[in-house]
Each structure stands twice: as C-alpha cells, then as structure tokens.
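For reference, the structure discussed in these notes is given below.
The values are calculated or read from the model by the stated rules, or taken from the named source; none is laboratory data. If you're wondering where the values come from, they're calculated on a predicted model, not measured in any experiment. FYI the Cβ positions are ideal-geometry reconstructions off the backbone, even for glycines, and counts take in every protein chain you see. Each accessible area value is taken on the protein alone, full model and side chains, heavy atoms only, with ligands, DNA and RNA left out. Shrake-Rupley method; radii C 1.70, N 1.55, O 1.52, S 1.80 Å.
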Amino acid sequence: VFHGRILARRVVGQETRYEVEVKAPYRHRFPLVSREYLWVPNTCGCPALREGGEYLLMARRHVNREHTLNRILLQDDAYARPWTPREARLVREAARHC
C-alpha cells in the first residue's frame with residue numbers, strides 16, 4: 001500500500017505501464033524506490049489512473065517462475081483511490097493495528 005503520483009502512462013502490448021513517483025509507502029512487504037513502474041494487465045484503463053493524479057494504491061509484487069520478471073502489479077479490480085489526507089490517515093491507523 002502506498003501513496004503515488006502518476007507521471008506517465010504507456011500501453012505495452014496487452015498491458016498498461018504507469019510510471020509512478022512513490023510519495024509514501026504505508027505498508028509493504030517489498031522495498032519501493034522513489035520511482036517505480038506499475039503494471040496493469042489490460043489496456044482498457046481499469047482502474048482509471050490519470051497522469052498527474054495522486055492515488056492510494058494497493059499492489060503486489062509479481063515474480064514469474066523463472067525469476068526473469070519482477071514487477072509491481074495492480075489488478076484491474078485492485079484498490080486504487082484518489083489520495084486524500086483522510087485516506088492517508090485511515091491507512092496509517094490501519095497499518096498500526098495490522
């Protein structure tokens with residue numbers, strides 16, 4: 001779970017790749033750097049993320065069996081909400097209890 005700002009969107013094959021500035025990680029099981037690529041396994045724009053927008057995103061690390069692919073994956077039905085101070089507060093509170 002992290003707060004990120006969408007810098008760019010690009011369709012690559014049958015997937016969408018977002019370049020994301022990681023503003024604040026809230027809860028994570030893998031390290032995040034200040035800029036990451038976030039992959040969505042479709043080209044329909046679901047979830048709808050606009051360039052320049054800030055979101056609270058819940059994604060997972062995807063590594064294939066051969067360990068040749070290691071990326072952050074956002075499912076089309078994943079948690080992706082516009083970032084607000086209220087959302088940030090709720091996530092911080094939940095992270096302390098979980």
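A few points about this structure:
- Selected residue (criterion: nearest to ARG96 (Cα to Cα)) from residues of region 1-26 that are touching a Phe, Trp or Tyr at 6+ places or on another chain (Cβ under 8 Å) and not in a strand (DSSP E or B): TYR26
- Residues within region 64-88 that are open to solvent by 90 Å² or more (accessible area, probe 1.4 Å) and in a strand (DSSP E or B), tallied: 2
- Of all residues in region 37-56, exactly one satisfies the criterion of being among the acidic types (Asp, Glu) and either open to solvent by less than 30 Å² (accessible area, probe 1.4 Å) or under 21 Å from ALA95 (Cα atoms) (or both), namely GLU54.
- When residues of region 27-36 are limited to those that are part of a loop (DSSP other than H, G, I, E, B) and of a type in the set (D, E, K, R), the one most open to solvent (accessible area, probe 1.4 Å): ARG29
- Annotation for region 17-29: no member residue is free of Cβ contacts under 8 Å to residues at least 12 places away in the same chain and at negative phi.
- The listed residues are ARG92, ARG5, and the only one of them that is surrounded by 11 or more Cβ atoms within 10 Å (Cβ to Cβ), basic (Lys, Arg) and more than 11 Å from the chain's Cα centre (by Cα) turns out to be ARG92.
- Screening ARG17, ARG61 for residues that are buried (at least 16 other Cβ atoms within 10 Å of the Cβ), of a type in the set (Lys, Arg) and farther than 13 Å from TRP83 by Cα leaves exactly one candidate, ARG17.
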